[in-house]
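Just below is one structure, and these are the notes that go with it.
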Amino acid sequence: MIRALLLLIALGMAGAALAQTAPVPQQPAAKPAAKPPAKAAQVKKIRPAWAELTPEQQEILAPLKPGWDQLERERRLKWLGIAKRYPGMKPEQQTRVQRRMEAWVKLTPEQRRQARENYKHIVKVPAERRGDLRQQWAEYQALTPQEREGLTRPSVEAYKHRH
């Protein structure tokens, strides 16, 4: 439960932090090579593929289906671990997991990376100080969008540097 709360905090902070940054201009796409290198054609497909999942796993992980083929094996296995625990969760926990998956797929790769980094830092915070983070997160969420825009970084950054 604590890990889920920490991940939610990390996701929120990553989204908030990246929402405050200016978009990076896109580089024009390079012209495709006339012939891909021979090794590129021999790349193994990462397993399990979506079609290899059980119907129950596909139902649970449905929000991830559009991007499943782009996930690394390690990430797929983590999501499969969540799917395995899912049937034993209370209905409100299942609903929360579904909402988080839906939010996760909407994040850009950079936002996901930032959420993972935030999570790594949050889990290192001693348990007795996590209440401070929860309080700071609650205060942040209470801000208006205009007040949030005035902030430079989410409070976890300041907290990391102070402690």
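Subtracting the Cα-Cα distance of residue 85 and residue 127 from 0.36 nm times their residue separation leaves 12.7 nm of extension gain.
When a/c reaches 1.5 or more, the comparison of a/b and b/c decides; with that in mind, is segment 69-113 rounded, prolate or oblate per its Cα gyration tensor? Could the numbers behind the result be given before it?
Values: a/c = 3.31, a/b = 1.45, b/c = 2.28.
Verdict is oblate for segment 69-113.
Here the simple spin-label model places points 7 Å from the Cα toward Cβ, and for residue 45 and residue 146 these points are separated by 5.3 nm. Please report the spacing between the Cα centers of segment 95-122 and segment 123-149 in Å, no decimals. Spelled out, the Cα-based centre of one part sits 16 Å from the other.
A simple spin-label model places the labels of residue 78 and residue 62 2.4 nm from each other, with each point 7 Å out along Cα-to-Cβ.
Just so you know, all these numbers are worked out from the coordinates, no wet-lab data involved. Remember, it's a predicted structure, so these values are computed and weren't measured experimentally. When we count neighbours, we look across all protein chains shown, and the Cβ atoms used for this are built from the backbone with ideal geometry, even at glycine.
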